[in-house]
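Asks: Can you keep this structure in mind? I'll have questions shortly.
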Amino acid sequence: MKILANSVLALLLTVLSSTLVLADEYDDTITSFKNAGASATYFDKSVGYAVFPTIGKAGLGIGAAHGSGRVYKGGEVIGTASMTQVTLGLQMGAEAYSQIVFFETENALNTFIAGDFQFSADASAVAITAGVTAGASTGSGAAAGASGTSNTAVNTSAGYFSGMAVFTVAKGGLMYQATLGGQVYSFDPIKE
């Protein structure tokens, strides 16, 4: 049974995260967040952001999520990032979502790109097209977000926490979970 569960989890995660991310997908994702309610105003209020067009998440007791993205400063790409998450607890299903992390200050951006940045606590409740996420970061405060469709992303925290604000938009899937786990981000600068 355990081998079957692990096989199903591996298959679901592979299918969700195997989406080839093209330049157009970054542009489309950014446009989606620019047109998505409260997240639109953060583009003008932030020094930069990290955008992840597709994060695949799957779980059956043990869960995992992964996605690749780009980090922007002043509208220009400064590097790539990846997000990985492993969770334990009551969870079952799979989902795909887009995520954006806004940086209010240079200090917040520098904290994110300095090394492996981690949100230490994460809670999520996701239905087919609606989701809610919340997190507290290690030494950097907390962030929360919710989304209904690609045109209704909202940040339930009503602002930045320690210089960061996180928004998500559900792309599809069904995930039932009650878990705690950290999203870990790595950064690779563009080499010139």
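The values are calculated or read from the model by the stated rules, or taken from the named source; none is laboratory data. Everything quoted here is computed from the prediction, not taken from an experiment. In this analysis, Cβ positions are derived from the backbone assuming ideal geometry, glycine residues included, and neighbour counts consider all displayed protein chains. For accessibility, only protein heavy atoms count, side chains too; no ligands or nucleic acids. Shrake-Rupley method; radii C 1.70, N 1.55, O 1.52, S 1.80 Å.
Asks: What length, rounded to one decimal in nm, is gained on full extension from residue 73 through to residue 24, with 0.36 nm per residue of separation minus their alpha-carbon distance?
Replies: Gain on extension, residue 73 to residue 24, equals 15.8 nm.
Asks: Sticking with this structure for a sec: Given q = 0.19, 0.23 Å⁻¹, what are the Debye log10 I(q)/I(0) values for the stretch 31-94, with equal point scatterers placed on the Cα positions and solvent ignored?
Replies: Relative scattering, expressed as log10 I(q)/I(0), comes to -0.81, -0.93.
Asks: Along the charge dipole of the stretch 27-109, pointing to its positive end and built from +1/-1 on Cβ of Lys, Arg, Asp and Glu, which listed residue (101, 42, 77) has its Cα farthest out?
Replies: Looking along the dipole axis, the top candidate is 101.
Asks: By accessible area of protein heavy atoms, probe 1.4 Å, what ranking do 88, 109, 60 get, highest first?
Replies: Numbers: 88 120, 109 0, 60 70 Å².
Ranking 88, 109, 60 by accessible area, largest first, yields 88, 60, 109.
Asks: Moving on to the next point. Based on the mean of other beta carbon atoms within 10 Å per residue, what is the order of 73-85, 94-106, most packed first? Mind dumping the intermediate values first?
Replies: On the way: 73-85: 14.9, 94-106: 22.9.
By packing density, highest mean first, the sequence is 94-106, 73-85.
Asks: Mind ordering 110-116, 164-170 by average Cβ neighbours within 10 Å, highest first? Before the final figure, lay out each step's value.
Replies: Values: 110-116: 14.7, 164-170: 25.6.
Descending packing order for the listed peptides: 164-170, 110-116.
Asks: Determine the relative contact order of the stretch 42-99: mean sequence separation of Cα pairs under 8 Å and six or more apart, normalised by residue count, in whole percent.
Replies: On the way: 123 pairs, mean separation 23.4, N = 58.
Relative contact order for the stretch 42-99 comes out at 40 percent.
Asks: Right, something else. So, R0 is 25 Å and r is the distance between the beta-carbons of residue 60 and residue 107; what FRET efficiency does that work out to, to 0.05?
Replies: 0.05
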